[in-house]
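Scroll down for the structure; my scribbles are underneath it.
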Amino acid sequence: MAPDTAVRTSSDRSIVAPYDALLLFSFGGPNGPDDVLPFLRNVTAGKNIPDERLAVVAEHYHHFGGASPINGQNLALQKALVDELARRGIDLPVVWGNRNWEPYTTDALSAAYSDGARRMVALVTSAYSSYSGCRQYRENLWASLDELGTDVGLGEGEHPLTVDKVRSYFNHPGFVQANVDAVTEAFESIGRDARLVFVTHSIPDTMEEASQLAGASYSAQHLDVAATVAAAVEERLGRPVTWDLTYCSRSGPPSQPWLEPDVNDHLTALAADGVQAVVLSPIGFVSDHMEVAFDLDTEALETAAGLGLVAVRADSVGTREPFVRGLVDLVLERAALARALDAGLGAPVMEPGETPVPEATVGDLPPFRSLCRPGCCQMRAGTPTGIPAACSSDPWS
């Protein structure tokens, strides 16, 4: 698959002022077998992980021919965003860039800059707030802006583009509604009572502790969404739904504590307790990329089968209509906030005809900030990485 940084547009731009382009900002993944090891080296840069250990992870990708499904799904999401913007009559170019593989973030920013963009808004394909899901993207964004500045002849630390980001959207109605729909469909397909098992990417306990500064810890964010989704599914089905939150994809040395329980260990415990059927919901992911395709569709479903559990996996939100609509609502929300800040006002300025409710949420947690507070989303609590990050009131903290 060839990298695609092309600008996609629709027709009116006033409602998204001051932004003149949208960055779909993602993790990235290999496009074929020869890309796998270089991609994994990018992902683990600075961690001194030998190629022999990376080769073990590489087998997950080679299991699927060496290509990650995330690339095709990002292209589909890019198109869905363009289509939703066009449906609303909004003219906003959409470019796609990745932290770890082609098209890289700098490629996307360069394409937008060449087409005249000077202020952009970024949508990160991670719904939750943590170092991995927030600050690491913002660090990459700062470095990419530095690189672009050098490319266009600016001085050190000068950026030719301003890039803002939408807030972490785990509790936005669009993301939650899309998960409710997917889980309900999974229950209907299994056709019997089942335990609902939510799954997300595990992180180190140190990162979990540091994530609290954003407003609620990484695990608390997931628990809030899980409770909201389960309650809505109960109402749809007309019967109680028992649920749990589990984790997948841990890495690092065994001596380093990560969030638990692992989904496979939990399935084993459920089977021992007499549970006969489960619905697995990848609530921590926005698309069916490698952690879903391998950790759930391969390993977890094999574990369930070996235990005699009937198991079905709910879809991720992907390009479901409520999710895509919600992402565009978030862009409009962020544009309103930018206009307010530019005008020196304390509340979003909504132009005539704008319909999104500013900072809409569901569940018990408040909306998270789009401009991160000092010290937010560090890898370890109170320990700055020493790497500047964009979209923060203090890039260095």
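Pairs are defined by a Cβ separation below 8 Å, a sequence spacing of at least 6 or placement on different chains, a first member in segment 148-174 that is touching a residue at least 60 places away in the same chain (Cβ under 8 Å), and a second member that is open to solvent by less than 10 Å² (accessible area, probe 1.4 Å) and basic (Lys, Arg); the pairs so defined are Lys165/Arg138.
Can you tell me which residue in segment 56-87 is surrounded by the most Cβ atoms within 10 Å (Cβ to Cβ), limited to those that are farther than 19 Å from Val124 by Cα and at pLDDT 95 or above?
Looking at the filtered set, the residue picked out is Ala86.
Among residues of segment 134-145 that are of a type in the set (Gly, Ala, Ser), those with a Cβ under 7 angstrom from a residue that is open to solvent by less than 10 Å² (accessible area, probe 1.4 Å), sequence gap 6+ or separate chain, pair up as Ser144/Thr105; Ser144/Leu109. Mind checking whether some residue in segment 33-40 is at negative phi, open to solvent by 30 Å² or more (accessible area, probe 1.4 Å) and within 16 Å of the chain's Cα centre (by Cα)? No, segment 33-40 has no match at all. Taken over segment 98-114, the criterion of being surrounded by fewer than 24 Cβ atoms within 10 Å (Cβ to Cβ) and within 18 Å of the chain's Cα centre (by Cα) is satisfied by Arg99, Asn100, Trp101, Glu102, Pro103, Tyr104. Considering only segment 211-232, I want to know if a residue exists there that is out of contact with any strand residue (DSSP E or B) (no Cβ under 7 Å at 6 or more places or on another chain), of a type in the set (Ser, Thr, Tyr), outside any loop (DSSP other than H, G, I, E, B) and open to solvent by less than 10 Å² (accessible area, probe 1.4 Å). Yes, segment 211-232 has at least one match.
Here Thr246 does not qualify as outside any strand (DSSP E or B), closer than 25 Å to Val176 by Cβ and either open to solvent by 30 Å² or more (accessible area, probe 1.4 Å) or in contact with an Asp or Glu (Cβ under 8 Å, 6 or more places away or on another chain) (or both). Residues in segment 115-155 that are open to solvent by less than 10 Å² (accessible area, probe 1.4 Å), of a type in the set (S, T, N, Q) and closer than 14 Å to Phe170 by Cβ: Ser129, Ser130.
Could you identify the single residue in Arg236, Arg250 that is more than 21 Å from the chain's Cα centre (by Cα) and in contact (Cβ under 8 Å) with a residue 40 or more places away in the chain?
Arg236
Looking only at residues of segment 295-309 that are open to solvent by 60 Å² or more (accessible area, probe 1.4 Å) and of a type in the set (A, V, I, L, M), we find that the one that is nearest to Pro282 (Cα to Cα) is Ala305.
All of (1) touching a helix residue (DSSP H, G or I) at 6+ places or on another chain (Cβ under 7 Å); (2) open to solvent by less than 50 Å² (accessible area, probe 1.4 Å); (3) in a helix (DSSP H, G or I) hold for Leu280 with one exception: (3).
The values are calculated or read from the model by the stated rules, or taken from the named source; none is laboratory data. This one's a predicted model, so the numbers in the text were calculated from it and none came from an experiment. Here the Cβ is made from the backbone with ideal geometry for all residues, glycine too, and neighbour counts use every protein chain on show. SASA here: full protein model, heavy atoms, side chains in, ligands and nucleic acids out. Shrake-Rupley method; radii C 1.70, N 1.55, O 1.52, S 1.80 Å.
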